[in-house]
Amino acid sequence: MTTITVTVNGKPYTRDVEPRTLLVHFLRENLNLTGTHIGCDTSQCGACVVHLNGVSVKSCTTLAVQCDGAEVTTIEGLADGAILHPLQEGFWEKHGLQCGYCTPGMIMAAADLLKNNPNPSDDEIRHGLEGNLCRCTGYENIVRAVRYAAEKMNTVNAD
Amino acid sequence: MIPSAFEYFAPASVAEAISLLEQYGDEAKILAGGHSLLPAMKLRLASPGVLIDINKIAELRGVVINGSINIGAMTTWHTIEHHDGLKSACGVLPEVVAQIGDIQVRNRGTLGGALAHADPAADAPAAILALDAQIRTHGPGGERTIAAGDFFTDMLTTSLEPNELITAIIVNKLGAGEGAAYAKFPHPASRYAIVGVAAYVKMNGDKVSACRVAVTGAGPMPTRQGDTEQAMLNSDGSAEAIAKAAEEAGANMDVLGDIHASEDYRRAMVKVYARRALTTAVARARR
Ligand SMILES: Cc1cc2nc3c(=O)[nH]c(=O)nc-3n(C[C@H](O)[C@H](O)[C@H](O)COP(=O)(O)OP(=O)(O)OC[C@H]3O[C@@H](n4cnc5c(N)ncnc54)[C@H](O)[C@@H]3O)c2cc1C
Ligand code: FES
Ligand code: FES
């Protein structure tokens, strides 16, 4: 066992973990933050995407011990209290989900995308979400949801 | 799925990493970006007893451009993709890297890790061969430099010694009269290359004075295409010359078939993508 301290959604947690514990299992099982999902065994689906020191990563392909001293943001940390993040609002307004399984990873990946490219074209949105698979929506409404969020974030920033 | 248990070390220097490699021998594996190793460990295709995480070794990260280009082994795809200096000194590298996997893979995966892993469908090895790069390594006996052409020896196998670390990759800047390009047919789900071809061309006036072409994805390891290179040499680099040279691509290498593409199909695609890569490389060399 190794003792690690990880700041998750602004709150520091100190826990003993085995080195083989994946970040996604640490979040779900040690911290009970079950918003981050596991959708595959091959690092391909993106259901597990979180931000590690501000950068989107697949938490199923990162060891918890590698996050000692780091800051992690999960889907639970995205809203500002009761006010939804523009991406969460966009997925709601534009019907960007059906079963919702892919949604947390989709939103965390989209948040990283918008940080680097605040005004993406539809093509850039699709390309930027290449690492996220959805079995339900056919992606159309996901693209609309991300565009909605980009527009909203740009108006807020312009104010 | 969860990897089998291992001991974990995160050394802060290259010397410390090498002494750990010496101490644990065959049991130990280096952990770089983890995007080839951890998926293999989750599926229990690999179960090292010791992981030596080199992410804390700051000197292994970053790009330095002076006479030539020095890319630290732990430089991520993300850094290479967005590096303005690289875009002007050797634009083909960011171009290749932008086609790897997805944003999250590129945020973690590293150039050193990809070369050491030597996946037969990886993109960077083809570019490294076409650019005739040098791979700098450190081991118990000190430093050595391996030419890209001597580095890949078989499927998932390199000339790296078990207790050696890749520390940097050295690439020449592309100057006037030189052009390089990469043409890739990606697997639609994983984005790995079903076939990928990297080409480098140097024009001396109206004649091709140097040419290197490397294929990935098609065979057990990334492979230079000597016959295509010879056919390009001293030609005028015209569409006809390129088409003729591209016909030779794949002729003298093992090509593998699998559920994604048969051997025949891959052989046909090697020619098509060789032609595309050479066409762009020549156009860039003429600019
Ligand atoms: C979903 C997905 C899609 C992908 N798509 C593509 C793609 O389209 N194209 C592509 O090229 N790749 C692709 N990859 C692979 C990805 O680019 C890997 O990150 C890369 O191949 C390995 O680099 P790494 O830093 O993650 O290495 P690791 O996984 O950490 O290590 C790989 C191997 O190299 C050894 N090693 C690592 N660094 C060193 C070093 N400095 N010295 C000595 N040995 C070392 C390790 O011990 C291990 O055996 C994909 C991966 C995933 C998960
Ligand atoms: S769970 Fe599928 S990519 Fe992480
Ligand atoms: S909404 Fe069901 S997987 Fe995307």
Legend entry - When residues of the range B:188-209 are limited to those that are small (Gly, Ala, Ser) and more than 14 Å from chain A (Cβ to nearest Cβ), the one surrounded by the most Cβ atoms within 10 Å (Cβ to Cβ): B:199
Legend entry - Members of the range A:109-134 that are charged (D, E, K, R) and within 13 Å of chain B (Cβ to nearest Cβ): A:112, A:115, A:124, A:126, A:130
Inset, instruction - Please go through the range A:67-76 and pick out each residue that is of a type in the set (Asp, Glu) and more than 10 Å from chain B (Cβ to nearest Cβ). - result: A:71, A:76
Inset, instruction - Please specify each residue of the range B:102-119 satisfying the condition of being touching a residue at least 60 places away in the same chain (Cβ under 8 Å), within 14 Å of chain A (Cβ to nearest Cβ) and more than 12 Å from residue B:33 (Cβ to Cβ). - result: B:102, B:119
Inset, instruction - Tell me which residues, restricted to the range B:147-159, are of a type in the set (A, V, I, L, M) and either touching a Lys or Arg at 6+ places or on another chain (Cβ under 8 Å) or crowded, with 20+ Cβ neighbours inside 10 Å (or both). - result: B:148
Inset, instruction - Taking only the range B:248-278 into account, find how many residues are buried (at least 20 other Cβ atoms within 10 Å of the Cβ) and in contact (Cβ under 8 Å) with a residue 40 or more places away in the chain. - result: 9
Inset, instruction - Determine, yes or no, whether residue B:17 is within 11 Å of chain A (Cβ to nearest Cβ) and assigned to a helix (DSSP H, G or I). - result: no
Legend entry - Matching residues in the range A:9-28 - criterion: being under 16 Å from residue A:53 (Cβ atoms) and within 12 Å of chain B (Cβ to nearest Cβ): A:23, A:26
Inset, instruction - Out of the residues in the range B:1-10 that are under 11 Å from residue B:53 (Cα atoms) and either touching a Leu at 6+ places or on another chain (Cβ under 6 Å) or β-branched (Val, Ile, Thr) (or both), state the one that is nearest to the other protein chains (Cβ to nearest Cβ). - result: B:8
Legend entry - Identity of the residue in the range B:169-183, in contact with a Lys or Arg (Cβ under 9 Å, 6 or more places away or on another chain) and assigned to a strand (DSSP E or B), that ends up surrounded by the fewest Cβ atoms within 10 Å (Cβ to Cβ): B:170
Inset, instruction - Restricting attention to the range A:54-72, report how many residues are farther than 25 Å from residue B:43 by Cα and more than 16 Å from ligand 2 (Cβ to nearest atom). - result: 4
Legend entry - Condition met for residue B:86 (more than 12 Å from the chain's Cα centre (by Cα), away from every other protein chain (no Cβ under 13 Å) and away from ligand 2 (no atom under 16 Å from the Cβ)): yes
Inset, instruction - Sort through A:14, A:36, A:5, A:42 and tell me the only one that's more than 16 Å from ligand 1 (Cβ to nearest atom), in a loop (DSSP other than H, G, I, E, B), closer than 30 Å to residue B:48 by Cα and not basic (Lys, Arg). - result: A:36
Inset, instruction - Of all residues in the range B:124-143, count the ones that are exposed (fewer than 13 other Cβ atoms within 10 Å of the Cβ) and either assigned by TED's automatic domain parsing to the domain that holds residue B:200 or assigned to a strand (DSSP E or B) (or both). - result: 2
Inset, instruction - Please specify each residue of the range A:29-66 satisfying the condition of being away from chain B (no Cβ under 12 Å) and on the phi < 0 side of the Ramachandran plot. - result: A:30, A:31, A:33, A:34, A:35, A:36, A:37, A:39
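The values are calculated or read from the model by the stated rules, or taken from the named source; none is laboratory data. Computed from a prediction, not measured in an experiment: that's the story for all the values here. Positions of Cβ are generated from backbone atoms using ideal geometry, with glycine treated the same way; all protein chains shown enter the neighbour counts.
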